[in-house]
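The values are calculated or read from the model by the stated rules, or taken from the named source; none is laboratory data. Since the structure is predicted, the reported quantities are computational estimates derived from the model, not experimental observations. Glycine gets a Cβ as well: all are built from the backbone with ideal geometry, and neighbour counts include every protein chain shown.
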Amino acid sequence: MSAARRALNPFHRAPLCSAARLALPRNVGRDTIRKAIENVEPRTATVFDPFRAIVDAIVAGDTNGPSKQRHTASQIYRRLITEHHFKCQ
């Protein structure tokens with residue numbers, strides 16, 4: 001496996017780590033880990049990517065306030081639609 005493919009793979013932490021060692025804490029089989037390592041493809045852009053920074057800012061702003069005043073996922077979704085014209089099918 002090339003170094004570039006190994007760098008893209010979230011399961012392959014250490015270059016000399018076995019599939020069994022990676023599979024055990026994740027409760028998956030060794031074959032599943034091997035397939036994941038061999039079939040790594042670069043992540044493509046999603047509809048949400050341009051709005052990720054906005055959501056991160058909302059969540060970061062919520063960390064300073066009281067827990068009862070934090071945004072729920074539904075509130076963040078509504079804000080994206082009304083304030084930032086988010087359209088998702």
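Considering each of 40, 28 in turn, give the residue that is in contact with a Leu (Cβ under 6 Å, 6 or more places away or on another chain) and part of a loop (DSSP other than H, G, I, E, B).
One residue alone meets the criteria, 40.
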Would you mind telling me which numbered condition in (1) modelled with pLDDT of 85 or more; (2) part of a loop (DSSP other than H, G, I, E, B) residue 50 fails? (2)
If a residue has to be more than 16 Å from residue 84 (Cα to Cα) and surrounded by 11 or more Cβ atoms within 10 Å (Cβ to Cβ) to count, how many in the stretch 38-58 make the cut? 1
